[in-house]
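Peer 1: Here you go, one structure.
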Amino acid sequence: MSNLLEPWVLLRLVAGLVALLLFVRSASTAQKVLRHFDVRRATEGQLALEKQQELAATFARVGTVVQVASLALSMLAADRLSHGVRGAMCAYGVFSAHPWGFRSLAITGGVALAAGVLTQVYAFDSRVKSLDLARPLAIATCCMAPLAALDVAMAAKFLLGLDLSVVASCCSVQLDPVSAAGEAYAVGPRVLLTVLAVAGVGLSIGLGLLAARRPSRLAVVVAGIASIVTLPAALAASVLEVAPHAFEIPTHVCPFCLLKADVFGIGYPLFGAIFVATAWAGGAAVSAGLARTESTREALARFAPPRLRVGAVAWALAFAVGLAPIVRYAIVGGGASLFASH
């Protein structure tokens with residue numbers, strides 16, 4: 001429990017608890033909607049419940065903002081703690097110093113993405129004139145509370161169980177030799193994953209812009225699925241292709257080092273843009289899947305285009321940020337390949 005005296009640990013846990021409370025409050029109203037709401041009735045009780053549902057949507061939106069902030073705080077906290085943990089040169093050393101470190105980060109990222117998609121569906125619901133989405137939104141909102149609770153539990157297990165006196169291993173000790181030897185998935189098929197990421201980004205942009213012009217249900221769903229499928233390839237390419245070029249070291253495949261000032265913190269706009277692209281396009285796809293009535297389809301035609309355009313712009317930004325260190329190395333290196341001898 002002494003780790004609570006660390007400001008970044010305390011801040012991360014408080015943010016997680018705030019997000020949990022917001023989602024629990026939102027879910028409590030969602031349960032009332034599931035039990036009592038009837039779109040065919042227009043009693044005072046139903047109207048009051050409709051107002052409470054709008055309040056629940058507000059709590060869920062604020063909870064999403066806090067949850068996304070928790071994801072950023074998880075990485076910032078680990079980065080700041082690395083200054084006090086011997087052997088840890090970046091956040092990687094801190095996460096690897098505890099069995100639940102990377103698991104906690106993955107859960108936080110997954111919950112943040114799910115919350116981001118839910119927020120987009122709430123935005124879609126605000127444009128629907130009918131109450132057709134009341135029940136599906138209530139179910140999704142109820143699911144967010146246990147997910148947020150799981151996130152808080154795993155973050156607490158990691159941060160409170162972390163031994164700050166341990167001698168950790170930095171990314172250059174664990175990742176670089178593995179990358180050089182080609183013995184683990186951390187290296188991966190670099191060229192293949194990079195090609196898949198580039199193709200996926202291009203496809204996501206193209207399908208997103210096409211669906212924005214003609215926002216049919218099928219087109220929006222396909223564009224959103226393309227962004228979701230591109231996510232893992234984009235993250236892999238960021239680690240295997242962008243990071244080595246940023247540091248001009250072919251075996252340096254640490255994503256957390258991209259957050260450092262040494263490379264102008266390009267990891268923040270890179271990963272941030274990938275997150276926005278996936279959440280917005282994914283939210284549009286889920287909304288399209290729920291648009292099964294005439295009123296929801298009419299709302300989808302107005303809702304989906306701006307979301308898909310934002311997703312396309314975010315993918316373009318991620319591509320530009322990831323390409324920058326590669327182009328820079330090609331210029332300073334006279335066109336030589338960084339991986340020529342690897």
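The values are calculated or read from the model by the stated rules, or taken from the named source; none is laboratory data. On a predicted model such as this, the values are computed, not experimentally measured, just so you know. Virtual Cβ from ideal backbone geometry, glycine too; neighbours counted across all protein chains shown. Areas reflect the complete protein model, heavy atoms only, side chains present, ligands, DNA and RNA absent. Shrake-Rupley method; radii C 1.70, N 1.55, O 1.52, S 1.80 Å.
Peer 1: Report, in whole Å, the centroid distance computed from the Cα atoms of segment 78-123 and segment 309-342.
Peer 2: If we compute the Cα centre of each part, the gap is 25 Å.
Peer 1: I need the phi-derived Karplus couplings for segment 262-276: 6.51 cos²θ - 1.76 cosθ + 1.60, θ = phi - 60°, integer Hz, Gly and Pro marked x.
Peer 2: 4, 10, 6, x, 5, x, 5, x, 5, 6, x, 5, 4, 5, 4
Peer 1: I would also like to ask the following. Of the options A291, P325, F339, report the single residue whose Cα projects farthest towards the positive end of the charge dipole of the chain (beta-carbon charges: Lys, Arg +1; Asp, Glu -1).
Peer 2: Farthest towards the positive end: A291.
Peer 1: Where does each of 272-280, 189-197 land if you order them by average Cβ count within 10 Å, highest first?
Peer 2: Averaged packing, sorted descending, gives the order 272-280, 189-197.
Peer 1: Something else now. Per residue, how much accessible area does the chain have with a 1.4 Å probe, in Å²?
Peer 2: With all protein chains present, the chain gives 46 Å² per residue.
Peer 1: Then there is this: Return one number: the angle in degrees, 0 to 90 and rounded to the nearest 10, between the long axis of the Cα atoms of helix 190-213 and the longest principal axis of the Cα atoms of the chain.
Peer 2: For 190-213 against the chain, the angle is about 30 degrees.
Peer 1: Kindly provide the Kirkwood hydrodynamic radius of the chain in Å, to one decimal, from all pairs of distinct alpha carbon atoms.
Peer 2: For the chain, the Kirkwood estimate is 21.5 Å.
Peer 1: While we're here: Quick check for me: using +1 on Lys/Arg Cβ and -1 on Asp/Glu Cβ, what's the dipole size of the chain about its Cα centre, in debye to the nearest 20?
Peer 2: Once rounded to the nearest 20, the dipole reads 1060 debye.
Peer 1: Keeping the other protein chains in place, figure out the carbon and sulfur percent of the accessible area of the chain, with a 1.4 Å probe.
Peer 2: 68 percent
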